[in-house]
Amino acid sequence: MKSGSSNCSDEDLLRLYALNKRFEAPFVLTPGDNDWFDCKRDVAGGWDRLDRLDKLREIFYREQPALPLVSQGRRGRFGDFVENVYWQDAGVVFAAVHLTGMSGAEGGIDLHNDIQNAAIEWLDEVFKVANQNGAAGVFLATQADIYPFSGERSWLVAECPACVGVRKYYENFHQALLKHIREFENPILFAVGDTHIFRVDKPLYDGDDLVEHFTRVEGFGADNIHWVRIVVRPETRQVFEIHQEIIPENIEKAGK
């Protein structure tokens with residue numbers, strides 16, 4: 001919702017909340033690193049990270065959107081994670097999973113792992129529901145791009161050996177995801193942000209085997225502000241259709 005250098009004051013978060021309230025359709029937010037983690041930067045106000053995460057939760061998760069949401073909030077060890085939600089519609093399970101694009105070293109590995117462990121527990125719950133209900137597909141939305149490099153495996157190994165595989169410190173989530181894709185054979189769409197590159201690809205490998213029913217879509221980001229529309233057709237084999245929506249005015253601004 002904001003850059004990593006813009007201020008994280010209560011007033012600024014409330015302003016962003018008011019802006020997002022203008023959406024006429026139900027709006028579900030999965031936080032990104034700019035929204036709370038980067039608030040510790042001096043230029044963003046030098047805030048305590050967890051204090052800003054608590055404030056973000058207080059402001060953005062106090063109301064129930066017009067969706068039948070199930071939340072991880074008030075559940076056991078990770079009851080603070082009210083932002084982790086799922087809902088079902090048209091035979092598809094949709095879920096928001098809080099996983100921010102931060103390095104374990106930058107914020108402390110304990111904080112990183114706490115966020116990741118909550119995400120893994122929520123992933124388990126989402127796929128449990130999908131399997132029990134025979135879902136036609138699963139849509140996962142998170143901020144972190146855990147597969148920053150993708151391409152034909154042998155070419156990547158030859159050109160950039162360090163680029164093959166999952167992003168460092170996200171191995172545990174990757175393994176949890178692999179476990180579920182082996183059991184759930186219908187289409188899975190993994191929607192991410194973080195690295196600001198619009199792309200639709202298949203970055204997930206199980207060993208040397210490409211996981212063909214898993215697709216990653218990454219949304220646009222600064223300095224290319226457009227949006228991505230997903231059409232859900234559960235009666236089709238692919239279930240998810242992906243459309244890039246280019247805003248002409250923003251192309252003109254970028255050109256200037």
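Key figures
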| read-out | value |
| --- | --- |
| Coarse-grained scattering of the stretch 178-240 at q = 0.27 Å⁻¹, given as base-10 log I(q)/I(0) from a Debye sum over alpha-carbon atoms | -1.16 |
| Set LYS179/LYS202; LYS2/LYS55; LYS168/LYS202; LYS21/LYS55; LYS2/LYS40; LYS2/LYS202 screened for pairs whose C-alpha atoms are more than 25 Å apart | LYS2/LYS202 |
| Pair ASP54, ASP223: separation of 7 Å Cα→Cβ label points (nm) | 3.9 nm |
| Student exercise, the chain dipole from Lys, Arg, Asp, Glu Cβ charges, in Debye to nearest 20 | 320 debye |
| DSSP bridge pairs, the chain: antiparallel proportion in percent, nearest 5 | 55 percent |
| Relative contact order of the chain, defined on C-alpha pairs under 8 angstrom at six or more residues apart (%) | 13 percent |
| For the stretch 1-134, the spread of Cα positions along each principal axis, largest first, Å | 48, 37, 22 |
| Cβ-based exposure ranking for LEU178, LEU19, in which fewest neighbours within 10 Å come first | LEU19, LEU178 |
| Rg/Rh (Cα only; Kirkwood hydrodynamic radius) as it applies to the stretch 1-66 | 0.97 |
| Cα→Cβ-extended label distance, 7 Å offset, between GLN175 and PHE23, nm | 3.4 nm |
| From the C-alpha gyration tensor of the stretch 137-244, square roots of 5λ in Å | 22, 19, 13 |
| Relative contact order (%) - the stretch 1-66, alpha-carbon pairs under 8 angstrom, separation at least six | 41 percent |
| DSSP-defined antiparallel bridges as percent of all bridges, the stretch 99-219, nearest 5 | 35 percent |
| Inter-part distance where the stretch 59-100 and the stretch 115-184 are each reduced to a Cα centre, Å | 19 Å |
| Karplus 3J(HN,Hα) series, Hz, for the stretch 35-50 with 6.51 cos²θ - 1.76 cosθ + 1.60 (x for Gly, Pro) | 6, 8, 5, 6, 5, 6, 4, 4, 5, 9, x, x, 7, 6, 4, 5 |
| Residue exposure sequence - HIS112, HIS226 - by fewest surrounding Cβ within 10 Å | HIS226, HIS112 |
| Residues LYS2, LYS179 arranged by fewest to most Cβ contacts within 10 Å | LYS179, LYS2 |
| Cross-link reach list, aspartates and glutamates versus LYS128, counting only Cα pairs under 14 Å and skipping chain neighbours closer than eight places | GLU183, GLU185 |
| Mean residue ellipticity (222 nm) of the chain, computed from DSSP H runs ≥ 4 via -39,500 (n - 2.57), nearest 500 | -9500 deg cm²/dmol |
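Every read-out reported here was derived from the displayed coordinates using simple, explicitly stated rules and does not represent laboratory data. All of these numbers come straight from a predicted model, not from anything done at the bench. Virtual Cβ from ideal backbone geometry, glycine too; neighbours counted across all protein chains shown.
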